[in-house]
Amino acid sequence: MPKMTFVERDGTRREVEAPLGLSVLEIAHKHNVDIEGACEGSLACSTCHVIVDAGWFNKLESPTEDEEDMLDLAFDLQETSRLGCQLIMTQKLDGLVVKLPAGSRNAG
Ligand code: FES
């Protein structure tokens, strides 16, 4: 089973099992990682924002225009920001590392 790591806001690293075909958002929810995902993957929010580890960013499929538009609204946007619901786990992404942003638009 592939794995991925979430780096929480306080720097804690959590390595979790990442079943193929699930999105990073779904994987986070399975393991009680604190990513909201208010629209459940329909690209109508930016609360599933994650910051991808720089070494992994180029291995991801490029974001669609819709994803880019939503990302523009995300809080704490960074160069390697992506929407967690659009990142689907594949064998190639085994070991993926993403960081939670400092907050979302509805928090803090
Ligand atoms: S959950 Fe809303 S865009 Fe990802």
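The values are calculated or read from the model by the stated rules, or taken from the named source; none is laboratory data. Note that the structure is predicted; figures quoted are calculated from it, not measured. Here Cβ is always computed from backbone atoms with ideal geometry, including for glycine, and neighbour counts include all displayed protein chains. Side chains included, ligands, DNA and RNA excluded: accessible areas come from the protein's heavy atoms. Shrake-Rupley method; radii C 1.70, N 1.55, O 1.52, S 1.80 Å.
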Per residue accessible area of the chain, 1.4 Å probe, in Å²: 55 Å²
Would you tell me the accessible area of residue 29, worked out with a 1.4 angstrom probe on the heavy atoms of the protein chains, in Å² to the nearest 10? 90 Å²
Multiply the residue separation of residue 94 and residue 42 by 0.36 nm, subtract the distance between their alpha-carbon atoms, and state the gained length in nm to one decimal. 16.3 nm
Considering only DSSP beta bridges where both residues belong to the chain, give the percentage that are antiparallel (nearest 5). 80 percent
In the chain, what percent of the accessible surface is made up of carbon and sulfur (1.4 Å probe, ligands and nucleic acids excluded)? 45 percent
What's the extension gain from residue 75 to residue 12 if we count 0.36 nm per residue and subtract their Cα-Cα distance? 20.6 nm
Given Cβ charges of +1 for Lys and Arg and -1 for Asp and Glu, the option among 102, 91, 71 whose Cα lies farthest towards the positive end of the dipole of the chain is 91
Any chance you could list P(r) for the chain, counting all Cα-Cα pairs in 10 angstrom bins from zero, rounded to whole %? 16, 55, 28, 1
Classified through the alpha carbon gyration tensor (a ≥ b ≥ c as square roots of its eigenvalues; rounded if a/c is under 1.5, else prolate when a/b is larger than b/c, else oblate), the stretch 25-84 comes out oblate
Heavy-atom accessible area order for 72, 53, largest first, 1.4 Å probe: 72, 53
So, in Å, what gap is there between the alpha-carbon centers of the stretch 53-82 and the stretch 1-44? 15 Å
